[in-house]
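A quick write-up on the structure given underneath.
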Amino acid sequence: MLSLDLPKWYDLHTHFRQGPSMAAYIKAHLEMGCAGVIAMPNTKPPVSLISGPGNERAWSIEHYMEMVRQAGGDAFQCLIVPLYLTKDTSPSLIDEGSASGLLRACKYYPPHGTTNSEHGVPMSKWIGSAVFKRLEETETVLCIHGEQHGLPGESYLGSKTSAEAQFYREFMPRLLDAHPDLRIVCEHVTSKEAVAFVQSAGERVAATVTPQHLLYTLGHLIQGLRYHLYCLPIVKFEEDRLALREAVTAKGQRQFFAGTDSAPHTSKATECGCAAGCYVGGCAPQLYAMAFEASGVDLASDTGRGAFQRFLCDNGPSFYGLQTRDERFLLERAPGKSRILETEEGRIVPLPVGMDLALSWRISI
Ligand code: DOR
Ligand code: ZN
């Protein structure tokens, strides 16, 4: 049986939410060999302060990190919570965060563009701002959900354009020009345009890639309206999947790394639409291994293994300057299972359930 002995990895983009189910989400991450996480701040209320108890409008990084730790996250070797950029984010808040050591990253959300993103401020307002200048000076990473918000349906997604492609075309070159020292992570890139931007931007720009965007296309989502695959940015077309597959498997690449965007939702389909977010707790390394194999990588070879380890385990910590992990886990090529997570708040259906695809790898810790 083919088996990969890997250092424990970091999921550099995930959602643990809040409330009684947090512990189940954290446990599922620990059980898939995850040594650390970036837990995103789009909670309710958002994590938009640095320290202190917070209030009903805003939580602090300090407070939310304590919630994650108490729900089992103290087992992680590393925990980062980015600051949600809102209209109240000030240069002095960035200074306070940097001086305290609590602030490692900020998160840009397109206003009303995705789950709990209503506190976001448009990118046009940030470019050239004093807040972004302080990010540069304090070497705080900017994590970007790169999609143009507020587009009418016909421009939101088409065969030649998407909200993501438009954002990368219109804002990212301007952002790089205005802030030459800013370190940026383009989160969950999905399109060939975003991939090309990252590759052309040089080493101060990196990107996370999810398992679902490497495995599936829009056709997979539409065929049967498999809404558990509905996330934002939405899965794209075959040429986009190909660009992502080439980018993550490219020899010696250092810019692309694992960030699952695992996003639990207890009610996906609602009266007024569908909640955006795919859940991959418990099965992300298996899905990534399947995606590498589907991209033509031979994981039994040294080069294949090396490329996989770079993407899953090495590039992300190296970009963020995180300590290396001392523990290891095994990824074995054998039929595995994706378990539906029963939580106090409801059932969470992980990928690839219902997707005509069985896990062909399993984890042993
Ligand atoms: O699909 C998504 N789900 N995309 C996001 O940007 C947010 C996430 C969530 O929090 O559910
Ligand atoms: Zn996310």
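Taking residue 147 and the conditions (1) assigned to a helix (DSSP H, G or I); (2) closer than 29 Å to residue 58 by Cβ; (3) open to solvent by less than 50 Å² (accessible area, probe 1.4 Å), which numbered condition does it fall short on, given that it satisfies the others?
(1)
Take the conditions among the charged types (D, E, K, R), under 24 Å from residue 276 (Cα atoms) and modelled with pLDDT under 95 and apply them to residue 160. Does it pass?
Spelling it out, residue 160 is indeed among the charged types (D, E, K, R), under 24 Å from residue 276 (Cα atoms) and modelled with pLDDT under 95.
Could you say whether any residue in segment 122-141 is at pLDDT 95 or above and within 15 Å of the chain's Cα centre (by Cα)?
Yes, that holds for at least one residue.
Please give the number of the condition residue 223 fails out of (1) crowded, with 18+ Cβ neighbours inside 10 Å; (2) more than 15 Å from ligand 2 (Cβ to nearest atom); (3) over 18 Å from residue 112 (Cα atoms).
Every listed condition holds for residue 223 apart from (1).
Against the conditions (1) touching a strand residue (DSSP E or B) at 6+ places or on another chain (Cβ under 8 Å); (2) more than 16 Å from ligand 2 (Cβ to nearest atom), where does residue 91 fall short? Just the number, please.
Among (1) touching a strand residue (DSSP E or B) at 6+ places or on another chain (Cβ under 8 Å); (2) more than 16 Å from ligand 2 (Cβ to nearest atom), residue 91 violates only (1).
Those residues that are out of contact with any Ser or Thr (no Cβ under 7 Å at 6 or more places or on another chain) and either surrounded by 15 or more Cβ atoms within 10 Å (Cβ to Cβ) or hydroxyl-bearing (Ser, Thr, Tyr) (or both), I need them from segment 245-257; list them, please.
Hits for segment 245-257 are 246, 247, 248, 250, 253, 255, 256.
Here are the criteria: (1) in contact with a Leu (Cβ under 9 Å, 6 or more places away or on another chain); (2) of a type outside the set (S, T, N, Q); (3) open to solvent by 40 Å² or more (accessible area, probe 1.4 Å). Tell me which single one residue 175 does not satisfy.
Among (1) in contact with a Leu (Cβ under 9 Å, 6 or more places away or on another chain); (2) of a type outside the set (S, T, N, Q); (3) open to solvent by 40 Å² or more (accessible area, probe 1.4 Å), the lone unmet condition for residue 175 is (3).
Having 1 or more residues that are without any contact (Cβ under 8 Å) to a residue 60 or more places away in the chain and open to solvent by 10 Å² or more (accessible area, probe 1.4 Å) is the bar; report the strands (runs of 3 or more DSSP E) wholly within segment 2-121 that clear it.
Once the strands (runs of 3 or more DSSP E) in segment 2-121 are filtered for at least 1 residues that are without any contact (Cβ under 8 Å) to a residue 60 or more places away in the chain and open to solvent by 10 Å² or more (accessible area, probe 1.4 Å), what remains is 47-49, 78-80.
Pick out the one residue from 329, 319 that is buried (at least 19 other Cβ atoms within 10 Å of the Cβ) and either at pLDDT below 95 or under 20 Å from the mean Cα position of the chain (by Cα) (or both).
319
With respect to residue 212, is the statement that it is in a helix (DSSP H, G or I) and surrounded by fewer than 24 Cβ atoms within 10 Å (Cβ to Cβ) true?
Criteria not met by residue 212.
Hey, does segment 159-172 have a residue that's among the polar types (S, T, N, Q), assigned to a strand (DSSP E or B) and either away from ligand 2 (no atom under 15 Å from the Cβ) or open to solvent by less than 60 Å² (accessible area, probe 1.4 Å) (or both)?
yes
The values are calculated or read from the model by the stated rules, or taken from the named source; none is laboratory data. Because the structure is a prediction, the values reported are computed rather than measured. Backbone-built Cβ (ideal geometry, glycine too); neighbour counts: all protein chains shown. Just so you know, the surface numbers come from the protein's heavy atoms only, side chains and all, with ligands and any DNA or RNA stripped out. Shrake-Rupley method; radii C 1.70, N 1.55, O 1.52, S 1.80 Å.
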